[in-house]
Amino acid sequence: MTYNAPDSTGHFGPYGGQFVPETLIPALDELRAAYAELAGDASFQDELSSMLRDYVGRPTALTYASRLTEAFGGARIYLKREDLCHTGAHKINNTAGQILLARRMGKRRIIAETGAGQHGVATATVCARFGMPCVVYMGAEDMERQELNVLRMRLLGAEVRPATSGSRTLKDATNEAIRDWVTNVRDTFYIIGSVVGPHPYPMMVRDFHAIIGQETSRQLQEQVGRDAPDVLLACVGGGSNAIGLFYPFLDRDDVRCIGVEASGEGLGGRHAATLTLGEPGVLHGALSYLLQNAEGQVELAHSISAGLDYPGVGPEHAFLKDSGRVTYVSATDEEAVRALEQVSELEGIIPALETAHAFARLPDIAAGMSSSELIVVNCSGRGDKDMGTISQYIQERDQ
Amino acid sequence: MNDRLARAIRRSAPDPALGMFLTCGFPSPGETLGLMHAMEEGGADFIELGMPFSDPLAEGGPIQRSSARALAAGMTMQRTLQTAAAFRQTSTLPVVLMGYANPVMRYGLGNFFAACHSSGVDGIILPDVPVEEADPFLEEASRQDVNLIFLVSPLTPEARLRRIDSLSSGFVYAVSVAGVTGAELPDPDDVVRYVAAARHATKANPLLVGFGIRTREDVLRYAAVSDGCIVGSELVREIERAESESRSVKERVRQFVHMLKHGV
Ligand SMILES: Cc1ncc(COP(=O)(O)O)c(C=O)c1O
């Protein structure tokens, strides 16, 4: 089988598409044409490779996690260290690609949405690098939860605009960013932060992150003489770090892919497990799984990790779930914090709370495998940004 | 083919046709039906009834607020359809439902368009369903003889506009500016030029202009180069103003619509 999605209209099976106001269609057409041209343009690819190497710090390491391996007593565990990227998460692979595209397209102003602030920081960073004005929309609620990242974005010269409508979180920041884009579409480039939104974004953002899986394959070959592991494991918010790791391996039937969503307080309570419990629906320009009520109104997600706190998910993940190619499971707030503590103690790596959700499912998966098998976990980001949240959580838990 | 809407628009000439938008359930679910009658009395040629949605990404502040208030007051798709049906009991004025793809898809496209038909709804506007995604909607709309109204914007190229015109029925909705509802119209002359060109290229349908139209003067200016105007956000603001002054909302709505339509 050769995996080949999306189709020419931007659909992954029934999912994806372009559910946007008419005003944005010409802009999406322009973006699609520019991306199609530059994806095959050697000078663009060279420019992107240099930026990833000299500025972002790629390739990121592939680290053998010997003490985690020992602790779980099963598969050999490797960590793909996206936490070592400049700004501390995988997000900058995508913002680097999109800003170069925006420059080639002659756009003069950049906008973005952000939840935890990681994508906002990664966007503000590349805008500073190229001297482009940058406006980041962030839910007013998230601005309080992630104060440190707000400060980082401001130091980087970005204007952070609070989204005060609706639930005042990522969903509403995305609505505001789309409204800005509709209004300023002639000169503004919208850098979307995950594999969500209308076509061509889910495809384009995936392609910019596919370097995660490509490097993994090469590094495994060098380190253990195999070009693929048995299992790939990643957390799923919108799904960008997960698809970046999975995508180069989707044709390989011998590689199992597992995505971990946030089940918050538990699947019976408030959660963000869109693929696990949502149903197909349209939000932010694409058809995908969605947390919604019987009336088709979007429901609020909940997760301790602001980067997973989103009621939607990328359309390609909806397609991969239905086809059975990828398995999606979930982890609670409590399990994620425990996993974060464990990985910190055993490996000297403090992962982001988002990433910790992938680690939370690692023991059961690894323990069921043999010591000749390999598992790669996408260590999508580092936990520095989460210290406030974690300290509060641990205090309440342990008192 | 249901042509009540197109006929109402043509009948109004030489006066500009006027479509009035109101979110169903705003300012409260009990008031909407009465306000629809007030809009008819004021001189509206058709009514655009908003189906509230949690994430209305083509709307500016006023319609976002009206949508949020309607949902908080317990508005549902069923009640919106019932409101349209109740209005149809006593009026022949065309009614168009405007809203977002997700609540409609959740209701089920077949069920939704059948319910529109039986409730006397004449047309549907879904700003997040461009022609690219419209096939299943077009199929059900045509099966139930309900108009599906598409939008064009100042950025829509002419060849695309012609395709949109050929798929649209009832009318073509020309968005005045690249922006959201209730937007400021920075340069009226630009809008006039674009609307005139769009009107010229639209052969199969009347062309109506909406987004950011507030006053009688606006209506006259844009109707002169089109087949009429649609006003929404400013009606929400009028209702909010009437509420804050503790005045009769219904009377205020009637007067506002009358002013837009007749200038007095
Ligand atoms: C470190 C990290 N991992 C994962 C995510 C979730 O996004 P995605 O599912 O698109 O990778 C985020 C989002 O903020 C993040 O910061």
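Taking the criterion of being within 13 Å of the ligand (Cβ to nearest atom) and at pLDDT below 95, would at least one residue in region A:370-384 satisfy it?
Taking every residue of region A:370-384 in turn, at least one turns out to be within 13 Å of the ligand (Cβ to nearest atom) and at pLDDT below 95.
From the list A:E176, A:E144, A:E215, exactly one residue is acidic (D, E), open to solvent by 10 Å² or more (accessible area, probe 1.4 Å), modelled with pLDDT of 95 or more and assigned to a helix (DSSP H, G or I). Which is it?
Answer to the check: A:E176.
Among A:A339, A:A352, A:A272, which is in contact (Cβ under 8 Å) with a residue 60 or more places away in the chain and within 14 Å of the ligand (Cβ to nearest atom)?
Only one candidate qualifies: A:A352.
Could you list, in sequence order, the residues of region A:251-298 that are touching a Gly at 6+ places or on another chain (Cβ under 9 Å) and assigned to a loop (DSSP other than H, G, I, E, B)?
A:R270, A:H271, A:A273, A:G278, A:H284, A:G285, A:L291, A:G296 - these are the residues of region A:251-298 that are touching a Gly at 6+ places or on another chain (Cβ under 9 Å) and assigned to a loop (DSSP other than H, G, I, E, B).
With the requirement that a residue be more than 10 Å from chain B (Cβ to nearest Cβ) and either part of a strand (DSSP E or B) or over 18 Å from A:T125 (Cβ atoms) (or both), what does region A:179-198 give you?
A:D187, A:T188, A:F189, A:Y190, A:V195, A:V196, A:G197
Please go through (1) away from the ligand (no atom under 16 Å from the Cβ); (2) assigned to a helix (DSSP H, G or I) for A:Y247 and return the number of the only condition it doesn't satisfy.
Here A:Y247 meets the rest and fails (1).
I'm told A:A173 meets every condition in (1) away from chain B (no Cβ under 14 Å); (2) small (G, A, S); (3) within 29 Å of A:P133 (Cα to Cα) except one. Can you identify the failing condition by its number?
(1)
Restricting attention to region A:256-279, and to residues there that are open to solvent by 10 Å² or more (accessible area, probe 1.4 Å) and of a type in the set (D, E, K, R), which single residue is farthest from the other protein chains (Cβ to nearest Cβ)?
Filtering first and then ranking leaves A:R256.
Which numbered condition in (1) farther than 20 Å from A:F208 by Cα; (2) in contact (Cβ under 8 Å) with a residue 60 or more places away in the chain; (3) within 15 Å of the ligand (Cβ to nearest atom); (4) buried (at least 22 other Cβ atoms within 10 Å of the Cβ) is the only one that A:V282 fails?
Only one criterion in (1) farther than 20 Å from A:F208 by Cα; (2) in contact (Cβ under 8 Å) with a residue 60 or more places away in the chain; (3) within 15 Å of the ligand (Cβ to nearest atom); (4) buried (at least 22 other Cβ atoms within 10 Å of the Cβ) is unmet by A:V282, namely (3).
Against the conditions (1) open to solvent by 50 Å² or more (accessible area, probe 1.4 Å); (2) of a type in the set (K, R); (3) away from every other protein chain (no Cβ under 14 Å), where does B:R88 fall short? Just the number, please.
(1)
Is it true that B:Y222 is open to solvent by less than 60 Å² (accessible area, probe 1.4 Å), outside any strand (DSSP E or B), hydroxyl-bearing (S, T, Y) and more than 14 Å from chain A (Cβ to nearest Cβ)?
Spelling it out, B:Y222 is indeed open to solvent by less than 60 Å² (accessible area, probe 1.4 Å), outside any strand (DSSP E or B), hydroxyl-bearing (S, T, Y) and more than 14 Å from chain A (Cβ to nearest Cβ).
When region A:87-119 is examined, which residues are found to be near the ligand (Cβ under 9 Å from one of its atoms) and touching a strand residue (DSSP E or B) at 6+ places or on another chain (Cβ under 8 Å)?
Selection gives A:G88, A:A89, A:H90, A:K91, A:T114, A:G115, A:G117, A:Q118, A:H119.
Going by the conditions given, is A:F208 within 17 Å of A:R32 (Cβ to Cβ) and more than 16 Å from the ligand (Cβ to nearest atom)?
Criteria not met by A:F208.
So, in region A:299-330, exactly how many residues are assigned to a strand (DSSP E or B), out of contact with any Asp or Glu (no Cβ under 8 Å at 6 or more places or on another chain) and within 14 Å of the ligand (Cβ to nearest atom)?
Within region A:299-330, residues that are assigned to a strand (DSSP E or B), out of contact with any Asp or Glu (no Cβ under 8 Å at 6 or more places or on another chain) and within 14 Å of the ligand (Cβ to nearest atom) number 2.
Got a number for residues in region A:179-195 being open to solvent by 20 Å² or more (accessible area, probe 1.4 Å) and either basic (K, R) or touching a residue at least 24 places away in the same chain (Cβ under 8 Å) (or both)?
Number satisfying all stated conditions: 3.
The values are calculated or read from the model by the stated rules, or taken from the named source; none is laboratory data. It should be emphasised that the depicted structure is a prediction, and the values quoted were computed from it without experimental measurement. Note that we place each Cβ from the backbone using ideal geometry, even for glycine, and neighbour counts take in every protein chain shown. Protein only, heavy atoms only, side chains kept; ligands, DNA and RNA dropped before computing areas. Shrake-Rupley method; radii C 1.70, N 1.55, O 1.52, S 1.80 Å.
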